[in-house]
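Worksheet: the structure to be examined is printed underneath.
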Amino acid sequence: MIYIGIDDTDTKDTPGTNQLARCIAAELPAGFRLDLILRHQLLNDPRVPHTSHNGSASIGVRRHSDRPAGALVPILPRPMRGWYVPGSDPGPCIA
């Protein structure tokens, strides 16, 4: 299983991180298949800056070819750049 984690992709009045996760999943290259998308509830506390409900998302992907997991790296910037709104601070991680 390959995990893609994303966070800080929205602002108060824009679509959330989970919608971006679905967009990324729709752009998976050949040889990779979406297994799951999970929403994670982070600490919702006034001392922690957040936009709406302070959640992040992870995308579980299975490889069905000999392509290396690194083949996923080039696909992440496209949807994240297209989704970017001023005031957000997006970040991906692949594990």
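Given R₀ = 30 Å, what would the calculated FRET efficiency be for residue 26 paired with residue 54, taking r from the Cβ atoms and rounding to 0.05?
According to the calculation, E is roughly 0.75.
Going by alpha carbons, how many degrees (0 to 90, nearest 10) lie between the helix axis of 17-26 and the longest principal axis of the chain?
20 degrees
Mean-square fluctuation check for the chain, GNM, Cα pairs under 10 Å: which of 43, 76, 34 is largest?
Ranking 43, 76, 34 by mean-square fluctuation puts 43 first.
In the Gaussian network model of the chain, springs joining C-alpha atoms below 10 Å, which of 74, 15, 29 carries the largest mean-square fluctuation?
74
Comparing 44, 54, 18, which has the greatest mean-square fluctuation in the GNM of the chain with Cα pairs linked when under 10 Å apart?
The residue with the greatest mean-square fluctuation here is 44.
Using a probe radius of 1.4 Å on heavy atoms only, what accessible surface per residue do you get for the chain? Whole Å² is fine.
60 Å²
Karplus couplings for region 70-81 from phi (6.51 cos²θ - 1.76 cosθ + 1.60, θ = phi - 60°), rounded to Hz, Gly and Pro as x?
3J(HN,Hα) across region 70-81, in whole Hz: x, 5, 7, 4, x, 7, 5, x, 4, x, 5, 5.
Percentage of Cα-Cα pair distances in the chain greater than 23 Å, rounded to whole percent?
Looking at the chain, the distances longer than 23 Å represent 24 percent of pairs.
How large, in percent, is the carbon and sulfur part of the accessible surface of the chain at a probe radius of 1.4 Å?
55 percent
So for the chain, averaging the separation of alpha carbon pairs under 8 Å that are six or more residues apart and normalising by length, what relative contact order in percent results?
48 percent
The values are calculated or read from the model by the stated rules, or taken from the named source; none is laboratory data. In this text, all values refer to a predicted model and were calculated from it rather than measured experimentally. Backbone-built Cβ (ideal geometry, glycine too); neighbour counts: all protein chains shown. These area figures cover heavy atoms from the full protein model, side chains too; ligands, DNA and RNA do not enter into them. Shrake-Rupley method; radii C 1.70, N 1.55, O 1.52, S 1.80 Å.
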